[in-house]
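Comments concern the structure below.
The values are calculated or read from the model by the stated rules, or taken from the named source; none is laboratory data. All values reported here derive from a predicted model rather than from experimental measurement. Here the Cβ positions follow ideal geometry from the backbone for every residue, glycine too, while neighbour counts run over all protein chains shown.
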Amino acid sequence: MKAAEEDGQALVLVVGAIAALLVGASGLGMLARGLGAHADHQRAADLAALAGARALVDAFPRALASPQSSRHLGAAAYLALARSVAQRTAARNGANQVAVRFAAGALPDRVTVTVSDPIRLPGGGLVAGPVTAVAQLAPFAVPIGDGEYPGPYAYRQGKPMRPDTALAFDRMAAAARRSGVALIVTSGYRSNAEQARLFAAHPDPKWVAPPGRSLHRLGTELDLGPPAAYSWLTANSKRFGFIKRYSWEPWHFGLIANPGSASVGFAPPGGAASAVPTFVPAVYREPLRRAASRWSVGAALLAAQLQQESGFNPRLVSSAGAQGIAQFMPGTGRSYGLSDPFDAAAAINAQAHLMHDLLRRFASVPLALAAYNAGAARVAACWCVPPITETQSYVARIVAIARGAGVTAGSGEPPVRLIR
């Protein structure tokens, strides 16, 4: 009997183990189904965030069009459009409880989508809570400032500078060596934050410019040495595109002759104009391409400016008297050979000529645009975007349009990407 009892007990243990395995397998199956549903919801959130961000990119020119233009899309409608696209995308991928949020500002650079559909097991247990995805718009990845150069950098003797500044310095340094002078770079690019620390330590504006006013933020300025080289630099720097900025600083030289850096709005090297953005009306694409190529100014920048100036309306006359597609004041237009401001092709050519000159003088897209809008004298007085609401808005909008157009016109950078 003892053996039979032991066999019976063993059988009970085996049956219990099998039952436990079956229960465990059922639980794992339910968990797997729950995890699968969670993955589906995450996919829905990811796709919805990307779709909403892409909708912002595609509608961007309309959001920044002149309010007088029939293409204008107000800020509220701009966000509502993107929200609708994100919600529809989530619904098509099985999500129903969807919240869409945007980064602060009328022109946000991030879209956040949260899917809150519950995922429950047959017994009522909750497998997972809400899932979230965040997509970022590439066109706004670089902040819009008052001319602070955002990179990329070249380095000479360990000092950062704009790449075209470095190439010009190389040519000048080689000529100096042939004359027996070895140039030393003591300072190059400095950000506003670095300038603030320097000014706090030496608060004399004659010798250290306040942050936001230092030309070193442009990436075009070099402090050079040794003192024995000052006379050679004064006599020869202009041959290489540099000038001595201040009579009392014999070491400070700035690049004013720009050979074509795309980073500041010039067309790519070699004379070819950048691609004409798709939002440019067909009738103006060829005149814009010709002007961009002739004056070595990026077509994306010129197109963004025309979009903001007139919405591509060649007959527009502003309340201030600015005329035509590029909104030239009569005197400025005549100085650039524009006899008929309502001749769109001629006005675009004059616009490219003027922007070439302003980019050459100020070596910064924001500063050149500010000079186009408010006058070169106001910009030269502070080497900043003047504190004029209209001008600051004008610069920010055009830079944003140009960056967006540059991305969507085939630069190779994806216009949107998931960051969470």
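A few comments on the model shown:
- No other residue among 135, 175 is farther than 22 Å from residue 233 by Cβ, out of contact with any Pro (no Cβ under 7 Å at 6 or more places or on another chain) and either modelled with pLDDT of 90 or more or in a strand (DSSP E or B) (or both) apart from 135.
- Candidate set: the stretch 148-172, residues that are among the hydroxyl-bearing types (Ser, Thr, Tyr) and not in a loop (DSSP other than H, G, I, E, B); chosen: the one farthest from residue 230 (Cα to Cα): 155
- Residue 357 meets the conditions (1) in contact with a Gly (Cβ under 9 Å, 6 or more places away or on another chain); (2) at pLDDT 90 or above in every case but one. The failed one is (1).
- Of all residues in the stretch 234-271 being polar (S, T, N, Q), at pLDDT 50 or above and not in a helix (DSSP H, G or I), the one that is surrounded by the fewest Cβ atoms within 10 Å (Cβ to Cβ): 247
- Within the stretch 185-216, no residue satisfies the criterion of being exposed (fewer than 11 other Cβ atoms within 10 Å of the Cβ) and within 27 Å of residue 170 (Cα to Cα).
- Scanning the stretch 178-201 for residues that are closer than 24 Å to residue 236 by Cβ and touching a Gly at 6+ places or on another chain (Cβ under 7 Å) returns 184, 186, 189.
- A single entry from 61, 143, 67 fulfils the requirement of being in a helix (DSSP H, G or I), at pLDDT below 70 and under 30 Å from residue 378 (Cα atoms): 61.
- In the stretch 180-228, the residues that are within 17 Å of residue 246 (Cβ to Cβ), more than 34 Å from the chain's Cα centre (by Cα) and touching a residue at least 40 places away in the same chain (Cβ under 8 Å): 225
- Of everything listed in (1) crowded, with 17+ Cβ neighbours inside 10 Å; (2) under 31 Å from the mean Cα position of the chain (by Cα); (3) not basic (Lys, Arg), the single unmet condition for residue 176 is (2).
- Looking only at the stretch 147-169, and only at residues there that are in contact with a helix residue (DSSP H, G or I) (Cβ under 6 Å, 6 or more places away or on another chain) and surrounded by fewer than 20 Cβ atoms within 10 Å (Cβ to Cβ), the one that is modelled with the highest pLDDT: 156
- Some residue of the stretch 213-226 being out of contact with any Lys or Arg (no Cβ under 6 Å at 6 or more places or on another chain), under 24 Å from residue 400 (Cβ atoms) and modelled with pLDDT under 65: no
- Residue list for the stretch 191-203, filter: assigned to a loop (DSSP other than H, G, I, E, B) and either out of contact with any helix residue (DSSP H, G or I) (no Cβ under 7 Å at 6 or more places or on another chain) or closer than 18 Å to residue 256 by Cα (or both): 202, 203
- Here residue 81 fits the description: at pLDDT 70 or above and assigned to a helix (DSSP H, G or I).
- Meeting the requirement of 2 or more residues that are crowded, with 19+ Cβ neighbours inside 10 Å and in contact with a Leu (Cβ under 7 Å, 6 or more places away or on another chain), the helices (runs of 4 or more DSSP H) wholly within the stretch 289-402 are 299-310, 344-362, 365-374.
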